[in-house]
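Readers should treat all values here as calculations from the given coordinates under stated rules, not as data from a laboratory. Predicted model, so just to flag it, every value in this text is computed and none were measured. Ideal geometry is used to build each Cβ from the backbone, glycine not excepted, and the neighbour counts take in all protein chains shown.
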Amino acid sequence: MATTPQWLIYRGSGEPHDGLAELPEPPPWRRFDGDPVEGATTIGPPDGTLPWEGGAVSSRPGVSERARAYYPSSDVVEMVNAALYLRRPLLVTGKPGTGKSTLAHSVARELKLGPVLYWPITSHAKVDDGLYRYDAIGRLQEASLARTAEPPDVGRYIRLGPLGTALLPRHRPRVLLIDELDKSDVDLPNDLLNIFEEGQFDIPELARLPEEQDSVHVMTRDPGGRAAIRRGQVRCHAFPFVVITSNGEREFPPPFLRRCLRLNIQPPDAEKLAAIVAGQLGKAVLDESRQLIEQFVDSRDHGDLATDQLLNAIYLAASGARPDAVTKERLVAQLFRPLDRSPGSA
C-alpha cells in the first residue's frame, strides 16, 4: 500500500482530518496581520475551530455527497497543497464536468474548513459584489418611517459578500469558490489583483463614522453571521483557500496569472470513473455498469462529455424503472450526446 507523503496537508482522501494544524507559517511575502479578536464573527470561536457538523460544505443539494466521493489525481493534490503552502489562489481550468468546482468543496470537507463561500460570476459581476453591499435606500426608508433624529445602525444595512467574508481575520482559512471567472467582463480579473495581494479592503461607509463608533457589526455571507469591523477595514489573518474556475473561454492578463497557481484538470480515466460511480451509487451498481463506463470512455474520444452524464445514465439504467434494452440504448445515446455538439446535429 502506497504511503501518503508527509508534506501533503490535503490528501484527497475524502475523509475529514486535522492535518491543517501541520501547515507551516506562510512565506514572508504572504503574511497578513489582521487581528482575530473575540466576537469578530458569530460563526465560531476566535481560535478558529468551527462547529460544522457531518462534514457539510454547502447547503446546495448534492454538493456534500460529491465532495465526499471526489477522487483527485496526484497532480491535483500536489497543486492544492502548493496553494495552501504559498497562500495563493488556485486557477483551475478543464472541460465541463471534470470536478473544478467540486475540488473546493473537497478541500473544505477534508480540512474541516466549513461551508464553501460561493461566488458565481456573470458578465455583470463587479469586485464590489464579492466584497460587500450597502443598502443605502433601505436605511433611508427606515429612518424616514421611524421619524427619529438618530439614524438606524448602519451595520444592519451592510452585508459582506463571499470574498469579503473570506477575508475576515481568522486563525483558520475559509474556502472561497469563484466560479467561471472567464464569464466576467475584462476588468474583474484586474480588480482582484490588489485584493489578492494585500488581503484587505476598506468599507468607506464605515470609515467615515465618528471616532466613538470604532467597531460596527455587519452581516456576513454565512446564514445569521455577524462580524465586527473596526474603522471600516477588513484585514485577513489566514489567507483564504481560493479556487477560481475557468472553462478556458478567454485568456487572463499576465499580472493576474502571476498571483495565482494554475491547474488544468484532466477528465478521469476508466479507473477513476469506476471509483466515482462506486462512491456515488455503490459497489453493487458499479458491478453492473462496467460496460456503460467503457462506452462512455469510447464516446468521450469523439466529443466533450461530463462525468455527470455517465452518472445519469448509470442511475437510469439501475433504477427501478428498468427500461427495455432498446429504450435503454436510445436513452444512453441521448445522455451521452457530446456537450460540444448542437442538439440538432447527428
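Each of A270 and K126 was given a label point 7 Å from its Cα along the Cα-to-Cβ line. The distance between the two points is 5.3 nm. Which one, A69, I137, G14, is farthest towards the positive end of the dipole of the chain when Lys and Arg carry +1 and Asp and Glu -1 on their Cβ? So the residue we want is A69.
Mean sequence separation of contacting Cα pairs (under 8 Å, at least six apart), scaled by the length of the chain, corresponds to a relative contact order of 22 percent.
Proximity of backbone amide H atoms, modeled 1.01 Å from N, is registered between H217 and I229 at under 5 Å, excluding neighbours fewer than 5 places apart on the same chain.
Cα centroid separation, the range 239-288 to the range 137-207: 29 Å. Residue order for V63, V218, fewest other beta carbons within 10 angstrom first, comes to V63, V218. As a proxy for reagent exposure, ranking T93, T245, T327 by other Cβ atoms within 10 Å from fewest up yields T327, T93, T245.
Helix 290-300 axis versus longest C-alpha principal axis of the chain: approximately 70°, rounded to the nearest ten. The gain in end-to-end length when the R31 to L261 segment is fully stretched comes to 81.1 nm, 0.36 nm per residue minus the alpha carbon separation. Dipole size of the range 270-335 about its Cα centre, with +1 on Lys/Arg Cβ and -1 on Asp/Glu Cβ: approximately 200 debye, rounded to the nearest 20.
Using 0.36 nm per residue and subtracting the Cα-Cα separation, the extra length available between L140 and D185 on full extension is 13.0 nm.
For the chain, the 222 nm mean residue ellipticity estimated from helices alone, with every DSSP H stretch of n ≥ 4 adding -39500 (n - 2.57) and the total spread over all residues, rounds to -10000 deg cm²/dmol.
Between V297 and W7, the distance separating the two model label sites (each 7 Å from Cα on the Cα→Cβ line) works out to 3.1 nm. Shown is the FRET efficiency for R337 and E288, computed with R0 = 22 Å from the Cβ-Cβ distance and rounded to the nearest 0.05: 0.45. Sorting S123, S13, S106 by the number of Cβ atoms found within 10 Å of their own Cβ, with the fewest placed first, yields S123, S13, S106.
Compared with the alpha-carbon gap, the fully stretched path from E65 to N312 is longer by 87.4 nm at 0.36 nm per residue. Give the lysines whose C-alpha is closer than 20 Å to that of K126, dropping any in the same chain fewer than 8 places away, or say none. Answer for K126, where 20 Å is the Cα cut-off: K183, listed by chain and number. Between amide H atoms placed 1.01 Å from N, distances below 5 Å from G99 occur with no residue 5 or more places distant or on a separate chain.
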